[in-house]
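A short worksheet on the structure shown next.
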Amino acid sequence: KFQAFGKSLEEAFANAAIAMFDFITKTESIEPKIEEKIEIQSEDNKSLLYDFLEQFLFLIDTKQFLLHEIKEIKIKRIDSNKMKLTATAAGDTVDHKYKIGGDIKAVTYNDMFIKKQDDHYIVQVLMDI
């Protein structure tokens, strides 16, 4: 389980992705050699966070992608029951030069929350490892 913070919802989501990857490897050691575009739609912020993080697990499994940073991220409401997230992630593929630690099986809704507190956002995520 981890918490991530941000001055905006977008920054909190980006920090959640980095926190998740920090469980796998040190994100600051990953070279930003390739970019992955992410575009997802969900019915609310919680589903959007879940789908956003699950997309990274999909990228690890299918492309061996390791995150260095979220270069840009935008979240907007499309209509009354649809949110859209677009992001550009920079990173590299799994290579012998990167030390891989933990393995994440899935993101869960268990204990997940997103809340605005004063001038910042807090997100909490529980992972199945």
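Coordinate-derived values only; no laboratory data. This structure is a prediction, so every number in the text was calculated from the model and none was measured. Using ideal geometry, Cβ is built from the backbone for each residue, glycine included, and neighbour counts are taken over all protein chains shown.
Would you calculate the separation in nanometres between label points at Ile104 and Phe2, each defined as 7 Å from the Cα along the Cα-to-beta-carbon direction?
0.6 nm
Kindly rank 3-10, 34-41 from highest to lowest mean number of other beta carbons found within 10 Å of each residue.
Working: 3-10: 15.8, 34-41: 13.2.
So the peptides 3-10, 34-41, ranked by packing, come out 3-10, 34-41.
Compute the length gained on full extension between Lys82 and Phe58: take 0.36 nm times their separation in residues and subtract their Cα-Cα distance, giving the result in nm to one decimal. Could you put the intermediate results ahead of the total?
On the way: separation 24, 0.36 × 24 = 8.64 nm, distance 2.21 nm.
Fully extending the segment from Lys82 to Phe58 adds 6.4 nm.
Do the sum for the chain: with -39,500 (n - 2.57) for every DSSP H run of n ≥ 4, divided by all residues, what is the mean residue ellipticity at 222 nm, to the nearest 500 deg cm²/dmol?
-9000 deg cm²/dmol
If packing is taken as the mean number of other Cβ atoms within 10 Å per residue, what is the order of 97-106, 80-89, highest first? The partial results should precede the final answer.
On the way: 97-106: 11.2, 80-89: 16.2.
Those peptides, ordered most packed to least, come out 80-89, 97-106.
Rounded to the nearest 0.05, what FRET efficiency do Thr93 and Asp118 have when you use their Cβ-Cβ distance and R0 = 35 Å?
Efficiency, from the Cβ-Cβ distance: 0.35.
Going down the table (Lys1/Lys84; Lys63/Lys115; Lys26/Lys82; Lys82/Lys115), which pairs top 22 Å between alpha carbons?
Long pairs (Cα-Cα over 22 Å): Lys1/Lys84; Lys63/Lys115; Lys26/Lys82.
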